[in-house]
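Report on the structure given below.
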Amino acid sequence: MKTTAERIGAALAKAVKKTAAQMTADKEGTAKEATSKQATTMYRTNMRDVPKVAGLQRKDGWVDMQVQFLIDKSTAGADHVVGWTVLKPGARHENHRHHNCDEFFIVLKGRGHVYTDKGEEPSGEGDVVYSPRGCWHGFNNTSDEDVVLVWGWMGAGSIEASGYEVGPEGHAA
């Protein structure tokens with residue numbers, strides 16, 4: 001029987017392999033060229049030093065969320081994003097999709113519901129969710145405790161580059 005860490009590692013490895021293969025196929029080798037041009041300097045930060053994203057709008061599907069972009073294009077020159085989100089009780093990220101990148105998230109703490117193409121499904125600590133580009137997804141904290149997610153966009157270094165789109169049914173309340 002695999003541990004939670006082994007299951008998370010295997011899921012992330014699978015997602016990264018699939019994304020790398022898709023980038024190579026989609027960009028016909030330009031991903032390899034971009035990789036060779038990237039800086040070879042390590043980037044390091046600490047969550048305490050990264051400000052929460054200001055101005056997230058409910059109308060754009062960000063309902064009472066605390067979001068930090070830990071690694072992205074503007075800070076590390078990366079063509080991906082690694083983020084940290086805290087959803088207080090009742091907070092949610094409405095159903096949305098990204099046209100230009102894949103996304104994963106890991107539920108580190110808490111429980112709620114993940115939005116899927118089949119509706120809402122329960123989700124909790126240890127869950128690893130992978131949404132390929134164009135796939136509708138989101139998370140709703142339906143519990144009375146904080147939910148903590150670590151997440152990433154593979155193939156886009158900013159929200160603008162991600163092709164973010166919120167679902168038309170969302171952001172009503």
*asked:* Straight-line reach only, C-alpha to C-alpha below 17 angstrom: list the aspartates and glutamates that Lys59 could link to, leaving out same-chain residues fewer than 8 apart.
replied: Glu94, Glu160, Glu165, Glu169
*How would you classify the range 49-90 from its alpha-carbon gyration tensor, with a ≥ b ≥ c the square roots of the eigenvalues: rounded for a/c under 1.5, else prolate if a/b is greater than b/c, otherwise oblate?*
prolate
*Label the range 64-146 by shape, choosing from rounded, prolate and oblate, from the square roots a ≥ b ≥ c of the eigenvalues of the Cα gyration tensor; if a/c is under 1.5 it is rounded, and otherwise prolate applies when a/b is larger than b/c, oblate when it is not.*
oblate
*Carbon + sulfur, % of accessible area of the range 94-173 - ligands and nucleic acids excluded, 1.4 Å*: 51
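The values are calculated or read from the model by the stated rules, or taken from the named source; none is laboratory data. What you see is a predicted model, and the numbers here were worked out from it, not measured in a lab. Ligands, DNA and RNA are stripped out before the accessible areas are found, and what is left, the full protein with its side chains, is counted by its heavy atoms. Shrake-Rupley method; radii C 1.70, N 1.55, O 1.52, S 1.80 Å.
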